[in-house]
Structures are given as structure tokens and as C-alpha cells.
1. Take the residues of the range 91-130 that are closer than 30 Å to PHE40 by Cα and either in contact with an Asp or Glu (Cβ under 8 Å, 6 or more places away or on another chain) or at pLDDT below 95 (or both): which is surrounded by the most Cβ atoms within 10 Å (Cβ to Cβ)?
2. Please determine whether any residue of the range 31-53 is assigned to a loop (DSSP other than H, G, I, E, B) and either among the hydroxyl-bearing types (Ser, Thr, Tyr) or touching a His at 6+ places or on another chain (Cβ under 6 Å) (or both).
3. Within the range 120-137, identify whether any single residue is in contact with a Phe, Trp or Tyr (Cβ under 7 Å, 6 or more places away or on another chain) and acidic (Asp, Glu), and answer yes or no.
4. Can you tell me which residue in the range 54-69 is farthest from the chain's Cα centre (by Cα), limited to those that are without any contact (Cβ under 8 Å) to a residue 40 or more places away in the chain and not in a loop (DSSP other than H, G, I, E, B)?
Amino acid sequence: MHRPMYFVLQRWFSMGLLKGSASFVRFSVEGDLPENPLDFVADRVMSFAFRDIDDTYDEYSIGWVSINNMFDAKFKFASYIVGDYVTLTLRIDERRVSPAILKKCIQKEEERIKEEKQIPKIGRAMKVEIKERIRSELLRKSVPIPSIFDVCWGMSNSTLLFFSTNKKMQAVLEDFFKESFGLMIKQQIPYVVAESLISEENQANLELITPGVFV
């Protein structure tokens, strides 16, 4: 017997989403899972689990972590399987340099070099070298900034909830989900949902629908 969605969401909301209003986007998962879906998901989740970059010079890292703890990428403390649902958090760490700080440090270095070499102006090639060098140095000193986005995937009904309405992050999820599981996800806009609910003979009527304004 499949667990109703509200039981899963009730458990999930208690993990932090009740702190404020929850906004999510619904996707349909396109494609078929292998014969042993749980084993397949377990293998793919671990293969694409988050890799920490705090002790490296890498600029970017993306992967799956536990929804209970963003530092748990091995899922030691909580399972991501809840009935027929897979609940995960997509974590992205990225090193960033403030444009204002970068500009300041570049100008400071240019002034130092001009004074050291006793030249009135710096050539284009040297400017490019200075910019790249300063940017690399600042990135190495910066702490990666984490971002986390919750995901709830219903395997029995091929539906996925993504708790972010940011268009850029939705595109990131689409690419990473396909890379992780080999499955496409498609946003369920009202038209698509209606298409899947009504009979084939009535689907032609959808084309006759026009936008309306409710005052």
C-alpha cells in the first residue's frame, strides 16, 4: 500500500519547512526505472553525493545530501527513502568574489606595479594577467557559499516536487537529475496536468481554452 503524499510532506515539513511558507514547483519524471528501483536509486544517489570543497581550490561543487543535515552526504543518520518517496536535498557550494573587492584589489596591484617599475601605464596583456592572478588568489581565500534545495520524488506516481521557484535553479535541477538518474523531468504547468487527467476525446478541447482575467 502506497503512503499518501500528505504523510510524507508532514514528516518533511517537520524538518524545517514549517518555519515559513513553502513554495514548490511540480515536475513529472519521464522514463522508466529499472527492475530494482530502490537499488538503482541508492547507487545513483551515492555516485552523485555532494563532495566537499572546503579544503580544495575548486570553485564549484554540486551533489545530493540528507534533508536532515546538509553535512551528511553519506546518509549515515537518515534514510532518503520514505515509503515510495525519495527525499533529498540538492546542495551547491560555490566560491564567489565580490566585483567591488576584485576591482579594488586589481587597481591596487596595478598601482603597485607601476610604482615598482616606474612606468606610467600598464599594457593590456599585463592587465589581463593581473586580473586572472588576483581573482585566483581571492577565490582561494574565500569560503564556499552553500545553497540547498529540497526535493521530493514520488516514484510510484512519477512526480517530483522541487522547493524552489528560481528559474535558474530549476534548470540546474533538470540537468543534474538527468545526470544522476538518467531520467528527464518536465514541469507540470496547468495545461500539462489537465492533459494527463482528461480523456483522449476531450483533449482537443484544451486547444480551445484562452487565458482569462479574474478581477
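The values are calculated or read from the model by the stated rules, or taken from the named source; none is laboratory data. Keep in mind the model is a prediction, meaning the values are calculated, not measured. Quick reminder, even Gly has a Cβ in these numbers, built from the backbone with ideal geometry, and neighbours come from all protein chains shown.
1. Pass one, the range 91-130, residues closer than 30 Å to PHE40 by Cα: 91-94.
Keeping just the survivors that are either in contact with an Asp or Glu (Cβ under 8 Å, 6 or more places away or on another chain) or at pLDDT below 95 (or both) gives 93-94.
Details: ASP93: 22, GLU94: 15.
Looking at residues that are closer than 30 Å to PHE40 by Cα and either in contact with an Asp or Glu (Cβ under 8 Å, 6 or more places away or on another chain) or at pLDDT below 95 (or both), I get ASP93.
2. If we filter the range 31-53 for residues that are assigned to a loop (DSSP other than H, G, I, E, B), which is where we start, we get 31-36, 48, 50-53.
From what is left, the residues that are either among the hydroxyl-bearing types (Ser, Thr, Tyr) or touching a His at 6+ places or on another chain (Cβ under 6 Å) (or both) are none.
No, there is no match, as no residue in the range 31-53 is assigned to a loop (DSSP other than H, G, I, E, B) and either among the hydroxyl-bearing types (Ser, Thr, Tyr) or touching a His at 6+ places or on another chain (Cβ under 6 Å) (or both).
3. Taking the range 120-137 and keeping what is in contact with a Phe, Trp or Tyr (Cβ under 7 Å, 6 or more places away or on another chain), we get none.
No, there is no match, as no residue in the range 120-137 is in contact with a Phe, Trp or Tyr (Cβ under 7 Å, 6 or more places away or on another chain) and acidic (Asp, Glu).
4. Once the filter is applied, the top-ranked residue is TYR60.
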